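Undergrad: Encoded as structure tokens, here's the structure I'll be asking about.
The values are calculated or read from the model by the stated rules, or taken from the named source; none is laboratory data. Given the structure is predicted, the values throughout are model-derived calculations rather than measurements. Every residue, glycine as well, gets a Cβ built from its backbone with ideal geometry; the counts of neighbours run over all protein chains shown. Please note that ligands, DNA and RNA were not included when accessible areas were found on the heavy atoms of the full protein model with its side chains. Shrake-Rupley method; radii C 1.70, N 1.55, O 1.52, S 1.80 Å.
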Amino acid sequence: MSLIIDQLSCSLGKRRVLHDLAGMEARPGEITALIGPNGAGKSTLLRAIAGITMASGHMTLDGLSLETQSLGQRTRKLYYLPQDTSTQAALSVFEAVLLARRTQVVEPNRHALAAVAQALQSLELDPLAERELAALSGGQRQRVAIAQAIVRRPRLLMLDEPTSALDLHHQLQVLDYLHRLARQDDVIVVIAIHDLNLAARFADHLWVVKEGRHIVSGRPGDVLTPQRLREIYAIEADVEWPPGSSPRITPRSATRRLGS
Amino acid sequence: MKATTFSPSSANSTTTVARYHARQRRQRWLIAATALATLMSLLLDIATGPGAYALSDVTKALLAPSEVSRVLQVVVWDIRLPVALMAIVVGASLAIAGAQMQTLLNNPLADPFTLGISSAASFGAALAIVLGFGVLPVAGTLLLTGNAFVLAMLASLMIWGLSRLRGVSVQTMVLMGIAIMFFFNALLGMLQYVASAESLQQLVFWSLGSLSKASWGKVGLAGLALVVTIPVFVRARWRLTALRLGDVQAQAMGIDVGRLRLRMLLCCALLSATAVAFVGTIGFVGLVGPHIARLLVGEDQRAFLPMSALTGALILSLTSILSKTLIPGILLPIGILTALIGLPFFVSLILSSRKEIWR
Ligand SMILES: Nc1ncnc2c1ncn2[C@@H]1O[C@H](COP(=O)(O)OP(=O)(O)O)[C@@H](O)[C@H]1O
Ligand SMILES: [Mg+2]
């Protein structure tokens, strides 16, 4: 019971963006971090899984083929949180999160409102509940988008750089929340993320993509080696691994051009 | 890491819900107040006009028609009421269509006529006025109305069909709308070139917009367009609200944004085509009505839709009163006045609220 990508290719316009990705698995109860340089195809991969971007190949979620399912069917089980969450909608934070719930389930109003209030509270958003989205900072808006994601209670939750605009406090708070969500509710969580130290600390599993290809998958300690980092990012980095802790990466220098 | 945020206190979430309920109450209150203002405007609209009847007499004629003179009965029921109701129905139609066009096209400057509907309708009207040609087998004043309606729908169906075939992006839709507008303007120009002075004047008068030809039948038909489309919009209320978060996020919520756009576009077309067919091109209401509604209650369609309808109805009803009273004894074309009445209100709202809803 997990998300398995057997084979996945995707073209945008005339460009082949994903090349036969295969052998990737994300398990429930775990956080899988998706890493790779800019333009590697992280967002495209997550969108293809969600059914927002057309792709060909074969993937299964809990044993069921995803490619035969429509966007509407897929989004009952999974949710994709876009990288760009900016909007100028004249909606209050509460209304926006309620909307995320309402486009998914029909239920008594009382239950929906309670679920929204709880999601807002989990992300420390309750003081902003009546603010309009247009009047939020980028980071606040990003946390609202995360609240919109969790209020839908998906089986598979995919977040596209969800901490890119967050301060240190909220980076830790959000990732800690997702970690607990995965563990307690047995959710499959996939996060595209650039901060390797956060990935090393919170992820149970890493997917590495570069130039639309699957480079390697595995546990953070196995993947985040100086050689791999040189191969993936064209950087020189030190990796320390204190016993009983997660790997710690200290980038030294960018060596050569990263390519494409 | 300590899980300080993981045990939600129910007291806190109760207050969050309570604050949301307070916002909803405020929205409902504003909607009710606007509805009341619209009703009063309707009454005043019926009470004004040549013949100087007192408001009390007019009210009596409305509530107990048998107790007033036959003349007053006819004036109120057969002449003034259809016109006053037409203002309400058309105002609501244009504002709803405008609100949804702004939502669908993700553009604050969109209005019911953005995709070329008014040019197509004007060409249809010109066909009837200049050539006496009708696309529908009807005669008399209905010839003009039928032409305007059919061509307006045709323009929208062209965009609808092309978008269906080639995929729907907002940009293509808007560009096709511009192309259609130029196309029908060119055809219209051709007709104007060969038209007699008399039919030219008739055409200009039509394009300025007028409620004066309203009848119960026309009010009924215009109302029918509302009755048909409003339930569709209400059913799609959550999906339409989600569109304001951007296409990707709406898709992530499972919404087929392309299909939603096409369906809603048809409903907007029906509303705008009906309005323009019966009363000519009345601008501004469909642009400003939704803006006022947005500033007052926000864009959650549960409040935005009724509020847009009401602000549109109120603006056009007030304009109707103004068109009769501004120069005593003369009925001004309503299309000229919509801007004059809507503008001060609109500007004051923009200046008093500092928020930037659209970038
Ligand atoms: N609409 C598009 N048309 C063509 N190519 C695109 C489009 N969107 C993205 N790309 C290309 O696809 C590749 C992968 O993009 P993306 O998935 O957004 O990368 P990442 O999220 O890893 O930074 C990039 O090379 C990008 O230039
Ligand atoms: Mg990306």
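Undergrad: List every residue pair whose Cβ atoms lie under 6 Å apart, where the two residues are 6 or more positions apart in sequence or sit on different chains, the first residue falls within the range A:39-67 and is more than 16 Å from A:Tyr80 (Cα to Cα), and the second residue, located anywhere, is within 12 Å of ligand 1 (Cβ to nearest atom).
TA: A:Ala40/A:Val209; A:Ala40/A:Lys210
Undergrad: Just one of the numbered conditions (1) touching a Ser or Thr at 6+ places or on another chain (Cβ under 7 Å); (2) more than 10 Å from ligand 1 (Cβ to nearest atom) is not true of A:Arg74; which one?
TA: With respect to (1) touching a Ser or Thr at 6+ places or on another chain (Cβ under 7 Å); (2) more than 10 Å from ligand 1 (Cβ to nearest atom), A:Arg74 is out only on (1).
Undergrad: Could you go through the range A:35-55 and let me know if any residue there is farther than 17 Å from A:Arg155 by Cβ, out of contact with any Cys (no Cβ under 7 Å at 6 or more places or on another chain), away from ligand 2 (no atom under 16 Å from the Cβ) and not assigned by TED's automatic domain parsing to the domain that holds A:Val105.
TA: There is at least one residue in the range A:35-55 that is farther than 17 Å from A:Arg155 by Cβ, out of contact with any Cys (no Cβ under 7 Å at 6 or more places or on another chain), away from ligand 2 (no atom under 16 Å from the Cβ) and not assigned by TED's automatic domain parsing to the domain that holds A:Val105.
Undergrad: Related question: Which is under 14 Å from B:Phe113 (Cβ atoms) and open to solvent by 40 Å² or more (accessible area, probe 1.4 Å), of B:Met190, B:Met181, B:Met153?
TA: Selected residue: B:Met181, the only one of B:Met190, B:Met181, B:Met153 that is under 14 Å from B:Phe113 (Cβ atoms) and open to solvent by 40 Å² or more (accessible area, probe 1.4 Å).
Undergrad: Within the range A:201-219, can you find the residues that are within 16 Å of ligand 2 (Cβ to nearest atom) and within 11 Å of another protein chain (Cβ to nearest Cβ)?
TA: Hits for the range A:201-219: nothing passes.
Undergrad: For the range A:76-96, indicate whether the set of residues that are closer than 18 Å to A:Leu8 by Cβ and open to solvent by 20 Å² or more (accessible area, probe 1.4 Å) is non-empty.
TA: yes
Undergrad: Exactly one condition in (1) exposed (fewer than 14 other Cβ atoms within 10 Å of the Cβ); (2) assigned to a helix (DSSP H, G or I) is not met by A:Arg230; state its number.
TA: Going through (1) exposed (fewer than 14 other Cβ atoms within 10 Å of the Cβ); (2) assigned to a helix (DSSP H, G or I) one by one, A:Arg230 breaks only (1).
Undergrad: Which of the following residues is part of a helix (DSSP H, G or I), modelled with pLDDT of 95 or more, surrounded by 13 or more Cβ atoms within 10 Å (Cβ to Cβ) and not aliphatic (A, V, I, L, M): B:Gln73, B:Gln27?
TA: After ruling out the rest, the residue left standing is B:Gln27.
Undergrad: Being surrounded by fewer than 19 Cβ atoms within 10 Å (Cβ to Cβ) and in contact with a Lys or Arg (Cβ under 7 Å, 6 or more places away or on another chain) is true for just one of A:Glu211, A:Glu236. Which residue is that? Write out each step before concluding.
TA: Numbers: A:Glu211 fails: in contact with a Lys or Arg (Cβ under 7 Å, 6 or more places away or on another chain).
The match here is A:Glu236.
Undergrad: Considering only the range B:107-143, state which residues are surrounded by fewer than 23 Cβ atoms within 10 Å (Cβ to Cβ) and within 18 Å of B:Ala225 (Cβ to Cβ). Write out each step before concluding.
TA: Step one: filter the range B:107-143 for residues surrounded by fewer than 23 Cβ atoms within 10 Å (Cβ to Cβ), giving B:107-109, B:127, B:130-143.
If the condition is that a residue be surrounded by fewer than 23 Cβ atoms within 10 Å (Cβ to Cβ) and within 18 Å of B:Ala225 (Cβ to Cβ), then B:Leu136, B:Val138, B:Leu142 are the ones that fit.
Undergrad: Okay, moving on. Are any residues in the range A:151-165 part of a loop (DSSP other than H, G, I, E, B) and either touching a strand residue (DSSP E or B) at 6+ places or on another chain (Cβ under 8 Å) or within 16 Å of ligand 2 (Cβ to nearest atom) (or both), and if so, which ones?
TA: Once the filter is applied, which keeps residues that are part of a loop (DSSP other than H, G, I, E, B) and either touching a strand residue (DSSP E or B) at 6+ places or on another chain (Cβ under 8 Å) or within 16 Å of ligand 2 (Cβ to nearest atom) (or both), the range A:151-165 yields A:Arg152, A:Pro154, A:Arg155, A:Glu161, A:Pro162, A:Thr163, A:Ser164, A:Ala165.
Undergrad: Let me ask you something else. Restricted to the range A:144-175, and to residues that are within 11 Å of chain B (Cβ to nearest Cβ) and surrounded by fewer than 18 Cβ atoms within 10 Å (Cβ to Cβ), which residue is nearest to ligand 1 (Cβ to nearest atom)?
TA: Filtering first and then ranking leaves A:Leu172.
Undergrad: If a residue must be touching a helix residue (DSSP H, G or I) at 6+ places or on another chain (Cβ under 6 Å) and in a loop (DSSP other than H, G, I, E, B), how many such residues does the range A:126-144 contain?
TA: Number of matching residues: 3.
Undergrad: Same structure again: Quick one: would you say A:Arg213 is touching a Gly at 6+ places or on another chain (Cβ under 9 Å) and either in the same structural domain as A:Ala145 (by TED's automatic domain parsing) or at pLDDT 95 or above (or both)?
TA: Numbers: touching a Gly at 6+ places or on another chain (Cβ under 9 Å): yes; either in the same structural domain as A:Ala145 (by TED's automatic domain parsing) or at pLDDT 95 or above (or both): yes.
Yes, satisfied.
Undergrad: Taking strands (runs of 3 or more DSSP E) that fall entirely within the range A:1-58, which contain at least 1 residues that are closer than 13 Å to A:Ser217 by Cα, open to solvent by 10 Å² or more (accessible area, probe 1.4 Å) and modelled with pLDDT of 95 or more?
TA: Correct list: A:3-12, A:24-26.
Undergrad: Suppose we filter A:Leu120, A:Leu125, A:Leu99 for residues that are within 7 Å of another protein chain (Cβ to nearest Cβ), closer than 22 Å to A:Asp176 by Cβ, crowded, with 18+ Cβ neighbours inside 10 Å and not aromatic (Phe, Trp, Tyr); which single one remains?
TA: One residue alone meets the criteria, A:Leu120.
Yes or no, residue by residue, for (1) without any contact (Cβ under 8 Å) to a residue 40 or more places away in the chain; (2) outside the structural domain of A:Ile5 (by TED's automatic domain parsing); (3) over 29 Å from A:Gln7 (Cα atoms); (4) more than 16 Å from ligand 2 (Cβ to nearest atom):
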| position | (1), (2), (3), (4) |
| --- | --- |
| A:Ala147 | no, yes, yes, yes |
| A:His170 | no, no, yes, yes |
| A:Ala182 | no, no, no, yes |
| A:Ala192 | no, no, no, no |
| A:Ala199 | no, no, no, no |
| A:Gly221 | yes, no, no, yes |
| A:Ser246 | no, no, yes, yes |
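Undergrad: Can A:Gln73 be described as open to solvent by 20 Å² or more (accessible area, probe 1.4 Å), at pLDDT below 95 and either part of a helix (DSSP H, G or I) or within 16 Å of ligand 2 (Cβ to nearest atom) (or both)?
TA: Yes.
Undergrad: Let me ask something else. Which of the residues belonging to the range A:2-31 are more than 16 Å from ligand 2 (Cβ to nearest atom) and either hydrophobic (A, V, I, L, M, F, W, C) or in contact with a His (Cβ under 6 Å, 6 or more places away or on another chain) (or both)?
TA: A:Leu3, A:Ile4, A:Ile5, A:Asp6, A:Gln7, A:Leu8, A:Ala22, A:Met24, A:Ala26, A:Glu30, A:Ile31, listed by residue number.
Undergrad: In this structure, is B:Gln192 farther than 24 Å from B:Pro82 by Cβ and either acidic (Asp, Glu) or assigned to a helix (DSSP H, G or I) (or both)? Quick ask: steps written out before the conclusion?
TA: Values: farther than 24 Å from B:Pro82 by Cβ: yes; either acidic (Asp, Glu) or assigned to a helix (DSSP H, G or I) (or both): yes.
Yes; evaluated as a whole, the condition is true for this residue.
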